[in-house]
Structures are given as C-alpha cells and as structure tokens.
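Encoded as structure tokens, the structure appears first; notes follow it.
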Amino acid sequence: AGQAVDAAEEERAAALREANPMLGLRGVRLALLHERLYPAQAEALFTAWADVAATGARPELEVMVPLVSLPEELAAAAAYVRGAAEAVAARTGVEVPYRLGTMIETPRAALLAGELAEHAEFFSFGTNDLTQLTYGFSRDDVERQVLASYQERGFLTASPFARLDPHGVGALIRLAAERARRVRPGIKLGVCGEHGGDPESIAFCDDLGLDYVSCSAHRVPVARMAAAHSALPEPGENSGSAR
C-alpha cells in the first residue's frame with residue numbers, strides 16, 4: 001500500500017477503513033453514504049462485460065444490491081447502476097444487457113417484497129443474515145455459546161444456520177415469494193447461503209418453486225444430489241404398473 005500524500009488523504013483513508021459489522025454500515029447503506037462507490041463498481045463491471053463481449057462471449061450479467069430494507073434504497077441503487085450502464089454505452093458504443101436484483105437479507109425486505117419487485121428482476125434470499133436477523137442471533141456468539149445447549153435441551157433439532165428454519169425464516173421466504181410473484185410473475189428467485197447445500201433445505205426451496213440454490217464450493221456435490229432427488233417424483237407418482 002502506498003503512503004498518503006498529506007493529512008487530508010490520511011484522514012480519508014482512515015474514514016474508509018473496511019469493517020464488516022453484522023448490522024449497521026454495510027451493504028447498500030455504505031453505497032448511499034459514499035455515492036461514488038456503486039457507480040464506480042457498476043461501470044467497471046459493464047466495461048469488463050464489453051471487453052469480454054469483444055471476444056465473442058456474451059456472459060449473463062446480474063447486478064445484485066445487498067442488505068436492502070427500504071424500497072427507496074433499491075430505487076436509488078438502481079439509478080446508480082443505470083447511470084453506469086449509460087456511461088459505458090456512451091463511451092464504448094456497447095449496450096450491456098443485465099438484470100438488476102437484490103438480496104433479501106432482512107425481515108423487512110421479505111415483508112415488502114412486492115414493492116421491491118417493482119425495481120428488481122430477481123431476488124436472492126441471503127439466508128445466513130436473514131436467519132441472524134429473524135432470530136436475533138449473532139452467529140459468532142450463538143454458534144459458540146448457545147446452540148449446543150439449545151440442542152441438548154431439545155429447543156432446536158439442528159442449527160438454524162445449517163438447516164433452514166421452515167417456520168420463521170422459511171415463512172418469510174414463502175411470503176416474499178408470493179408477494180413478489182404477484183407484482184412480477186416471472187421474477188427469478190433463489191437462495192444464497194449455507195442452507196443451499198443442505199438436502200432438507202433444498203427440498204423446502206424446491207417446494208416453494210425457487211429457481212436455484214447457491215452454496216459454498218465444497219457443498220456443491222451434495223447440493224446437486226439433493227436437488228436431483230427433490231426433482232424426482234415420489235414413489236408411485238406418475239408411474240405405470242410394472243408387468
């Protein structure tokens with residue numbers, strides 16, 4: 001890292017020192033306080049797409065806005081992204097095709113899914129944070145100090161960070177999917193989190209008609225097997241008699 005030229009630059013660098021709290025200044029909130037952040041990121045993304053397209057490839061590009069809880073946040077972020085796309089088109093002559101969406105990580109976002117769907121072409125349910133915020137659990141503390149005791153007492157049969165809670169978190173996902181589809185019937189819906197690699201959680205997502213699950217690389221083989229199993233008909237369903 002280079003040295004700051006003067007005290008003003010040192011102060012600016014200190015102010016932008018990266019932190020990632022569970023709550024507070026992160027996600028879209030950070031971008032709305034530092035208004036050059038999303039335009040710069042989106043312009044770099046669209047410029048890279050234009051460079052790749054010049055080689056003949058046309059990757060599918062999705063731009064996802066994280067940690068939204070207000071429709072106004074998503075609308076403002078969408079305006080930044082559109083502006084960046086227009087700037088790249090004016091400079092390169094390439095109109096980059098992309099879809100804009102958001103990650104549903106807060107209970108409020110799930111409840112206001114219909115309003116968010118007016119701005120978003122896809123949702124990715126960020127189930128790690130959605131679980132933390134729905135339970136009021138800070139994962140760092142709870143996994144270390146609470147979950148083992150709760151499972152011994154029979155309060156929980158599995159960690160809600162490993163297996164999607166169908167009654168609370170799952171209910172929010174179901175409600176959000178219903179409300180979003182009313183506004184945008186073709187909206188793409190999926191799950192991004194460790195739950196995307198758990199067989200029971202995948203079956204729950206399939207039951208809701210979600211389009212995809214995403215998980216850590218080491219869990220992909222299990223996720224593929226579970227998704228294939230979930231897609232198979234139940235024994236006796238749509239099957240003829242063997243003779």
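State the percentage of accessible surface on segment 82-224 attributable to carbon and sulfur atoms; use a 1.4 Å probe and exclude ligands, DNA and RNA.
Values: 3420 of 7010 Å².
Ligands and nucleic acids excluded, carbon and sulfur give 49 percent.
Any idea what the alpha-carbon Rg over 2.2 N^0.38 Å comes to for the chain? List each step's numbers first, then the result.
Values: Rg = 21.1 Å, N = 243, 2.2 N^0.38 = 17.7 Å.
Rg over 2.2 N^0.38 Å, computed on Cα atoms: 1.19.
Enter the accessible area per residue of the chain (Å², integer; probe 1.4 Å; all protein chains in place).
Details: 14090 Å² over 243 residues.
I get 58 Å² per residue for the chain.
For labels at Leu32 and Ala89 in the simple 7 Å Cα→Cβ model, what's the distance in nm?
The modelled label-to-label distance comes out at 2.6 nm.
Residue separation times 0.36 nm, minus the C-alpha to C-alpha distance between Glu9 and Tyr212: what's the value?
68.7 nm
So between Leu111 and Asn128, what do we pick up on full extension, going 0.36 nm a residue minus the alpha carbon distance?
Using 0.36 nm per residue and subtracting the Cα-Cα distance, I get 4.4 nm.
Ordering Ser69, Ser201 from largest to smallest accessible area (1.4 angstrom probe), what's the sequence?
So the residues, ranked largest to smallest area, are Ser69, Ser201.
If the chain between Arg82 and Leu23 were fully stretched, how many nm would it gain, using 0.36 nm times the residue separation less the Cα-Cα distance?
Value of the extension gain: 18.5 nm.
Quick check: from the Cα gyration tensor, does segment 1-136 come out rounded (a/c under 1.5), prolate or oblate?
Oblate is the answer for segment 1-136, as a/c is 1.5 or above yet b/c matches or exceeds a/b.
At 222 nm, what helix-only mean residue ellipticity would the chain give, in deg cm²/dmol to the nearest 500, using -39500 (n - 2.57) for each DSSP H run of four or more? Numbers along the way, then the final one.
Details: 12 runs with 122 residues, N = 243.
Estimated from H runs of four or more residues: -15000 deg cm²/dmol.
How large is the translational diffusion coefficient of segment 133-213 in µm² per second when you combine the Kirkwood radius over alpha carbon pairs with Stokes-Einstein at 10 °C and 1.306 mPa s? Kindly include the intermediate steps, with their values, before the conclusion.
Details: Rh = 13.8 Å.
Using the Kirkwood radius from Cα pairs, D works out to 115 µm²/s.
Pop out the ³J(HN,Hα) list for segment 159-165 in order, Karplus 6.51 cos²θ - 1.76 cosθ + 1.60 with θ = phi - 60°, rounded to Hz; leave Gly and Pro as x.
Values per residue, Gly and Pro as x: 5, x, 8, 9, 10, 4, 6 Hz.
The values are calculated or read from the model by the stated rules, or taken from the named source; none is laboratory data. Note that the structure is predicted; figures quoted are calculated from it, not measured. FYI the Cβ positions are ideal-geometry reconstructions off the backbone, even for glycines, and counts take in every protein chain you see. Heads up: the accessible areas ignore ligands, DNA and RNA and are worked out on the full protein's heavy atoms, side chains in. Shrake-Rupley method; radii C 1.70, N 1.55, O 1.52, S 1.80 Å.
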